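Report on one structure; see the data block that follows.
The values are calculated or read from the model by the stated rules, or taken from the named source; none is laboratory data. All values reported here derive from a predicted model rather than from experimental measurement. Don't worry about glycine lacking a Cβ; one is built from the backbone with ideal geometry, like all the others, and counts go over all protein chains shown. Note: areas computed on protein heavy atoms with side chains; ligands, DNA, RNA excluded. Shrake-Rupley method; radii C 1.70, N 1.55, O 1.52, S 1.80 Å.
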Amino acid sequence: MYHFFVEPDQVQEDHVDIRGGDVNHIRNVLRMKQGETLTVCDGFGNEYLCRVDACSDNRVRAGIVEKRRVASELPSRIVLFQGLPKGDKMELIIQKAVELGASAVVPVASRRCVVKLDGKKADSRQKRWQAVAESAAKQSGRAVIPTVCPVTGFADAVRQASGLDVCLIPYECAQELLKDGAGTAMEQSRNVLAGIERGRSVGILIGPEGGFEKEEVASAMEAGAVPLTLGKRILRTETAGLCILSVLMFQLEE
């Protein structure tokens, strides 16, 4: 069934007024007719099963058949702090992160980032990324549209991530940082992930193609970030964050 998002003020007692770009999509792309059903979310965890009553050039009126709470959200807020990748990889990362339950994605400009975004280019790219997040939220049946934040510097990203309950930094040299702990680096990493409880907020710091510099990892750890190893293989930047998100989704899902 087709899935749409509206603002709370578009929801009335017995109907929903769908406006904006979704009107054209419903009328001219999906070619939905009067009487056909769709679902609408208000971004606050409420989902409405609706039936199309009428369509005009700028509005689709859909009668509410049933209201229910959506159970598709994870019980924890997970924020992905993603180092800026080359090309269009960020769109893929955002799409899959939304599908896996991320609450927000923060693009991060760290030292080894090849991509440099500023001014109008950054604003334009952020709008495009937010549209990707909205599309992925519709496709995956999310109750909310995750936010794609403006591009931020590494220091600001660390401050934001360290303000969450748990801050993780997967790092290809984590074995060196964890060698003095109890058990192998892999065992320590498993224990960290297994110890994250439902309801706790989590930040995940992921480097760009060149990874984080040692000084960046050290400053993140000083702020409370916990280094992790993801195994013996080197993962691409577009894989690493999704790997952690997949583990957390499976562990935290109710």
When the helix-only estimate is applied to the chain (DSSP H runs of n ≥ 4, each -39,500 (n - 2.57), divided by the residue count), what is the mean residue ellipticity at 222 nm, nearest 500 deg cm²/dmol?
-10000 deg cm²/dmol
Net charge within 9 Å of residue 46 by Cβ-Cβ distance, Lys/Arg positive one each and Asp/Glu negative one each, not counting residue 46 itself?
+1
Kindly identify region 177-254 as rounded, prolate or oblate by the Cα gyration tensor criterion: order the square roots of the eigenvalues as a ≥ b ≥ c, call it rounded if a/c is under 1.5, otherwise compare a/b with b/c, prolate if a/b is larger, else oblate.
rounded
accessible surface per residue for region 1-54, probe 1.4 Å, DNA/RNA/ligands not counted, whole Å² -> 53 Å²
Return the sequence-ordered ³J(HN,Hα) values of region 210-224 in whole Hz as given by the Karplus equation 6.51 cos²θ - 1.76 cosθ + 1.60 applied to θ = phi - 60°, using x for Gly and Pro.
x, x, 7, 6, 4, 5, 5, 4, 4, 5, 5, 5, 4, 8, x
Gyration tensor on Cα atoms of region 15-87, a ≥ b ≥ c root eigenvalues, a/c under 1.5 rounded, else prolate if a/b beats b/c, else oblate, says oblate
The FRET efficiency for residue 198 and residue 221, from their Cβ-Cβ distance with R0 = 25 Å and rounded to 0.05, is 0.45
What does the charge dipole of the chain about its Cα centre add up to, to the nearest 20 debye, if the Cβ of each Lys and Arg holds +1 and the Cβ of each Asp and Glu holds -1?
660 debye
Spin-label pair residue 57/residue 131, simplified geometry with 7 Å Cα→Cβ offset, distance in nm
2.2 nm
Give me the net charge for the shell around residue 109: Cβ to Cβ below 11 angstrom, other residues only, Lys and Arg +1, Asp and Glu -1.
+1
Could you compute the net charge surrounding residue 21? Neighbours are other residues with a C-beta less than 15 Å from the C-beta of residue 21; K and R count +1, D and E count -1.
+1
Leaving out ligands, DNA and RNA, what percent of the accessible area of region 56-178 is carbon and sulfur, probe 1.4 Å?
47 percent
Row for the chain, column shape: gyration tensor on C-alpha, a ≥ b ≥ c, rounded if a/c < 1.5 i.e. under 1.5, prolate if a/b over b/c, else oblate; value prolate
Picking from 35, 191, 160, whose Cα lies most toward the positive end of the charge dipole for the chain (charges on Cβ: Lys, Arg +1; Asp, Glu -1)?
35
Along region 13-26, Karplus-curve 3J(HN,Hα) (6.51, -1.76, 1.60; θ = phi - 60°) to the nearest Hz, with x for Gly and Pro, reads 4, 10, 8, 10, 9, 8, 10, x, x, 5, 4, 4, 5, 5
Return the FRET efficiency for the residue pair residue 19, residue 152: r is the Cβ-Cβ distance, R0 is 22 Å, and the value is rounded to the nearest 0.05.
0.10
Paramagnetic reach from residue 175 (point 7 Å along Cα→Cβ, amide N under 14 Å) across region 232-254
232-235
